[in-house]
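The values are calculated or read from the model by the stated rules, or taken from the named source; none is laboratory data. Since we're looking at a predicted model, the values are computed, not measured. Cβ coordinates were reconstructed from backbone atoms using ideal geometry, including for glycine residues, and neighbour counts include every protein chain displayed.
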Amino acid sequence: QVQLVESGGGLVQPGGSLRLSCAASGSIFSINAMGWYRQAPGKQRELVAAITSGGVTNYADSVKGRFTISRDNAKNMVYLQMNSLKPEDTAVYYCNAEVLDAGLGTWMDVWGKGTLVTVSS
């Protein structure tokens, strides 16, 4: 079984920064794309940023120039550096990964439980 655990959320003032981390563990043979999604109250979950195993990145227009996604393939981790945070960035942030489960021999779409980011003065 593969698990994703997020950390780094919290309360920050507008204009501030936070760094989210996500660690993948368990029966992992390989990880393809990894990404961060967010869900604000009353809204649908949306893609924030994604990164392939080769380092190709993709960002939502609303975070381009402010957020940076990165990953450490050796540690099975993905990060999201968030700068110039705005109140509209307030949401639960979820980590997602496409994982080849070593035990099952199949690709799995795995989600973390989320970490809350609140941007408020």
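General observations
- Matching residues, region 66-104, being free of Cβ contacts under 8 Å to residues at least 12 places away in the same chain and either closer than 18 Å to residue 40 by Cβ or not aliphatic (A, V, I, L, M) (or both): 72
- For region 47-71, the candidate set comprises residues that are within 12 Å of the chain's Cα centre (by Cα) and of a type in the set (A, V, I, L, M, F, W, C); within that set, the residue that is surrounded by the fewest Cβ atoms within 10 Å (Cβ to Cβ) is 47.
- Test: residue 44 is assigned to a strand (DSSP E or B), over 27 Å from residue 104 (Cα atoms) and not hydrophobic (A, V, I, L, M, F, W, C): no
- Set 91, 40, 102, 74: member being within 12 Å of residue 117 (Cβ to Cβ) and surrounded by fewer than 15 Cβ atoms within 10 Å (Cβ to Cβ): 40
- Residues that are surrounded by 14 or more Cβ atoms within 10 Å (Cβ to Cβ) and not hydrophobic (A, V, I, L, M, F, W, C) within region 21-37 comprise 21, 26, 27, 35, 37, listed in sequence order.
- Matching residues in region 1-20 - criterion: being surrounded by fewer than 16 Cβ atoms within 10 Å (Cβ to Cβ) and either in a strand (DSSP E or B) or modelled with pLDDT of 95 or more (or both): 3, 5, 7, 10, 11, 13, 14, 15, 16, 17, 19
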